[in-house]
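Only one structure is covered here, and it is reproduced in the block below.
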Amino acid sequence: MKRREFIRKSVGAGIVGSALTFTGYNKLFGSAVSDSESPYDLVAVRGGEPDIMFDRAIDALGGLERFIKKGQTVVLKPNMSWDVPPERGANTHPGLMSHIVKKCLEAGASRVYAFDNTCDNWVRSYRNSGVEDAVNDAGGRVLPANTEDYFKEVEVEKGKRLTRAKVHELLLDSDVYINIPVLKHHGATGITITLKNLMGVVWDRRYWHNNDLQQCIADFGTWYRKPDLNIVDAYRVMMRNGPRGVSVDDLVEMKALIASTDMVAADAASASLFGTEPSEVGHIKIAHEMGVGNMNLEELSIHRISV
Amino acid sequence: MQKHLKPLRVIISLFFLITASLIFIDFREFFSESFISGFLSLQFAPSVMRFIHILGISFFGFLFILLLTALFGRVYCSTICPLGIFQDVISWISKKVRRKKRPYSYSPPRNKLRYSLLAVTVIFLLFGSVLALNLLDPYSNFGRFFTYFAKPVAVWVNNNLTGIVGGYTLYRVSIPPIPWQTAVFPALMLVLVVGLSYKYGRLYCNTICPVGTFLGLISKYSLFRIRIGEKCTGCAHCVRVCKSSCIDFKTKGIDFTRCVNCMNCLRVCEAVRYRYSGAPALQRVSVSSEANEKTDKSKRQFLLMVVASLLGLKSIASAANSRQTTTNRARRRNQGDEPEMSRESTIPENRQNPVSPPGSVSIEKFNKSCTACGLCVSECPGHVLQPSFMEYGLIGFMQPHMDFRSGFCNFDCTKCGEICPTGAIQPLTVEKKHRTQTGVAIFIQENCIVFVDHTDCGACSEHCPTRAVDMVPFTGNLHIPEVTENICIGCGACEYACPVEPYKAIYVEGNPRHELADRPEHEKLEQPDTEDFPF
């Protein structure tokens with residue numbers, strides 16, 4: 001066996017592993033996100049570096065402490081599904097990821113995890129997306145999602161086509177759940193943002209493709225364990241050939257970030273940035289109709305920040 | 001002094017055995033490509049293949065082994081050949097486990113059989129087929145034992161340990177099952193090799209192995225050879241420890257064609273020593289009439305043993321097969337392809353040619369040079385390389401092909417070419433790999449979800465690294481796949497991702513000869529000059 005690696009991993013992570021088992025108990029007491037403290041449904045920022053835009057957005061939403069109580073465990077769901085380098089914009093910006101991990105720890109999080117059920121080989125996607133190092137170096141930890149054993153079956157009660165799904169155990173065990181997609185073009189669903197990013201928390205994706213993809217994405221949005229916060233990375237945006245992209249020529253530098261507790265609102269605002277009418281994106285429209293959130297931006301209180 | 005050669009030999013051989021084993025079961029990509037290729041460059045048969053097919057690049061391994069053999073005899077067999085050392089381990093276990101201690105004794109060589117097998121191997125090679133070597137080569141057999149059987153066990157242990165240890169200290173790994181039809185032959189060989197070494201020491205190496213027989217032809221004339229000196233008291237201790245059964249005590253002669261230099265005899269007797277053979281005269285082994293009789297008897301025994309072990313395994317193999325099929329089905333069900341939910345596709349894929357690994361240049365060339373050791377199968381991070389059964393026909397039996405049911409070829413990965421010890425898969429730069437067209441995707445519209453159900457899918461296009469599979473407007477808001485052949489490289493990501501069963505709506509047709517794909521060209525997008533909000 002790879003003894004050296006084994007020892008390295010054991011020492012580095014044994015503690016983390018054992019800590020995880022206790023997080024279930026925390027859940028009984030934690031997870032109290034109060035809606036009263038922010039006057040905004042959605043914050044949109046433009047013109048800055050990812051970390052600065054994140055700070056401005058979170059301040060406007062009432063600070064990260066509103067979402068994370070001291071000692072809670074946090075799970076981040078970035079997009080790190082593709083074995084391509086950061087500059088290709090197929091995965092969430094590593095700089096944003098490392099900043100969020102740091103901020104979560106500063107806000108009192110006991111542990112910060114990140115994972116993704118990748119499309120390309122998971123080891124290489126984690127590594128080459130730059131997200132693995134970004135998260136680990138900032139004091140968080142990326143965890144595997146590469147075999148079915150890491151996923152637990154749950155019921156999606158309000159789902160029309162998707163009534164059951166196997167979700168990663170971290171979602172069930174962690175106190176705070178933050179969704180951090182990257183805004184991209186998507187050949188199949190037109191566009192991929194927060195709702196679509198959650199395809200990376202389930203195991204059985206083929207079923208979705210096989211059974212009305214847009215409906216399944218919206219269905220999963222109705223599942224009770226919704227992200228406590230959604231941060232859309234729209235710094236580098238892939239405008240075509242998504243979700244994997246072919247080259248850096250597919251990107252524009254939009255330098256934007258959207259933050260909201262409402263996935264549908266976040267998707268609607270991001271779609272507008274992208275230049276797409278939200279109601280023309282199948283899953284956004286269906287999710288809105290199913291009551292997952294509100295895609296009518298004019299009905300929301302939006303705070304716009306230019307950095 | 002020569003007494004200590006044996007422990008030294010054991011230490012070196014264990015290094016080779018353990019490292020080779022770990023390389024073949026390495027499910028966490030621990031070893032670097034350069035280490036693997038350097039370490040395996042000493043393996044004889046792969047190195048010869050490299051010499052034959054890509055003359056000039058790193059065939060030193062095989063020359064080194066030839067030199068070593070000319071100097072000291074078949075050192076390769078006892079020190080470097082992983083299958084040889086593996087058999088030593090079995091013999092050692094046998095010695096510990098068997099209640100009835102049976103010392104080794106001299107047995108005459110089975111010349112007809114071993115020279116026939118060597119001749120067949122050589123003749124096949126002369127006619128451009130590597131099949132006989134594939135079946136018999138010790139390194140490749142060893143590789144298959146570990147890729148097909150040891151690795152799944154190691155993964156199983158790892159996954160169970162992961163459960164026991166808890167948390168994420170270790171992580172679970174999943175590997176696709178080896179096709180059972182292909183696994184039958186290696187399983188039979190495993191039983192044969194284990195059976196023979198359990199009972200008869202190095203009989204496999206001296207009767208079946210073409211590499212051993214070939215090196216034996218050279219070691220007969222080696223410069224330094226083991227000799228029984230004048231101090232010999234006639235105790236025959238050396239004979240009883242000789243794994244190769246090649247010390248004929250009657251003539252005090254050693255059959256150097258069969259001696260694998262295990263050095264057991266050096267260890268037990270001071271009269272037995274390596275000596276310089278000034279006049280390399282052939283040390284003939286006299287075969288008495290008594291020995292002839294013995295030959296017949298042991299020949300029969302040998303055949304019986306082979307047949308029995310083959311029969312014995314059939315039932316085990318078929319039991320294992322049925323198990324494997326059920327797990328396959330269970331897995332498919334778990335992935336959510338439940339027949340009551342989605343319609344089954346109707347048009348079978350009609351693949352004319354299998355898809356050979358990138359860097360193999362052409363199927364014909366690949367079939368001629370791959371010894372099917374399974375290294376690339378084991379190391380492939382995308383799990384796309386799987387041993388073939390009859391995909392290439394009999395000629396390519398067990399050689400890897402790209403199986404897009406089990407995975408797809410990672411766009412930026414060049415691992416198989418970097419580690420292949422035979423040169424059957426040649427190393428490619430990432431740039432070259434990006435344009436190496438191993439096959440071309442073919443779309444079957446009638447199987448496609450978008451066409452059948454009128455719902456979005458696009459899984460194929462999503463995974464395509466060159467956008468050779470693009471989504472183009474269909475009816476309403478729907479988009480349907482379309483293939484641009486000249487930029488398709490045949491990586492099979494589309495076929496793997498396609499969710500329809502039992503037949504895929506898109507599959508890769510292999511290129512008999514790999515082509516150069518065009519680069520996907522797109523104009524650079526205009527950067528936005530606004531920093532306003534559209535809402």
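FYI, it's all coordinate maths here, none of it is from the lab. In this text the structure is predicted, and so the values were computed from the model without any measurement. Neighbour counts run over all protein chains shown; Cβ positions are idealised from the backbone, glycine included.
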Checklist line | Per-residue Cβ neighbour rank within 10 angstrom, fewest leading, B:Cys209, B:Cys413, B:Cys81 | finding: B:Cys413, B:Cys209, B:Cys81
Check: Which net charge results for the neighbourhood of B:Gln352, defined as the other residues with beta-carbon distances under 12 angstrom from its beta-carbon, given Lys and Arg at +1 and Asp and Glu at -1?
Finding: -2
Notebook entry, point to check: Helix B:111-126 versus the longest principal axis of chain B: what angle, 0 to 90°, nearest 10, using Cα atoms?
Noted result: 30 degrees
Next item on the list: Given the peptides A:253-259, A:150-156, arrange them by the average over their residues of other C-beta atoms within 10 Å, most packed first.
Entry: A:253-259, A:150-156
Check: In Å, what is the Rg of the alpha-carbon atoms in the protein assembly as shown, and how long is Dmax?
Finding: 31.5, 106
Notebook entry, point to check: Once you average over the residues of A:78-84, how many Cβ atoms of partner chains fall within 10 Å of each Cβ?
Noted result: 2
Next item on the list: Could you sort B:450-461, A:45-56 so that the peptide with the highest average Cβ count within 10 Å comes first and the rest follow in order?
Entry: B:450-461, A:45-56
Next item on the list: Would you tally the net charge around A:Val84, using a Cβ to Cβ cut-off of less than 10 Å, leaving A:Val84 out, and scoring K and R as +1, D and E as -1?
Entry: -1
Check: Given a cut-off of under 8 Å on Cα pairs at least six residues apart, what relative contact order in percent is computed for segment B:367-516?
Finding: 23 percent
Next item on the list: Please give the helix B:44-53 orientation as an angle from the longest Cα principal axis of chain B, in degrees from 0 to 90, rounded to the nearest 10.
Entry: 60 degrees
Check: With chain A treated as a Gaussian network of Cα nodes joined by springs under 10 Å, which of A:Pro144, A:Pro94, A:Pro278 yields the largest mean-square fluctuation?
Finding: A:Pro144
Item checked: Among A:Asn296, A:Asn79, A:Asn91, residue whose mean-square fluctuation peaks in a GNM of chain A (springs only between Cα atoms under 10 Å) -> A:Asn296
Next item on the list: Take chain A, connect every pair of alpha-carbon atoms lying under 10 Å apart with a spring to form a Gaussian network, then pick out the residue of A:Arg236, A:Arg206, A:Arg161 with the largest mean-square fluctuation.
Entry: A:Arg206
Note to self: Quick check: the angle from helix B:82-97's long axis to the longest principal axis of chain B, C-alpha only, nearest 10 degrees?
What the structure shows: 60 degrees
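Tell me the relative contact order for chain B as a rounded percent, counting alpha carbon contacts under 8 Å between residues six or more apart.
Normalised by residue count, the contact order of chain B is 17 percent.
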Check: Quick one: A:Thr194, B:Thr162, fewest Cβ neighbours within 10 Å first, how do they rank?
Finding: B:Thr162, A:Thr194
Margin query: Give the average, rounded to an integer, of partner chain Cβ atoms located within 10 angstrom of each Cβ in A:178-189.
Written below: 3
Check: Taking each residue of B:448-455 in turn, how many C-beta atoms of other protein chains fall within 10 Å of its C-beta, and what is the average?
Finding: 3
Check: Based on DSSP, what percent of beta bridges with both residues in the protein assembly as shown are antiparallel, to the nearest 5?
Finding: 70 percent
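Just add up the charged neighbours of B:Arg267: K/R +1, D/E -1, any other residue whose Cβ is under 9 Å from the Cβ of B:Arg267.
With Lys, Arg at +1 and Asp, Glu at -1, the net is +2.
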Check: Looking at chain A, do any whole DSSP H helices span at least 30 angstrom along their long axis by alpha carbon and average -1.0 or above on Kyte-Doolittle, and which?
Finding: A:3-29
Check: Do you know the relative contact order of segment A:40-306, to the nearest whole percent, from alpha carbon pairs under 8 angstrom that are 6+ apart?
Finding: 25 percent
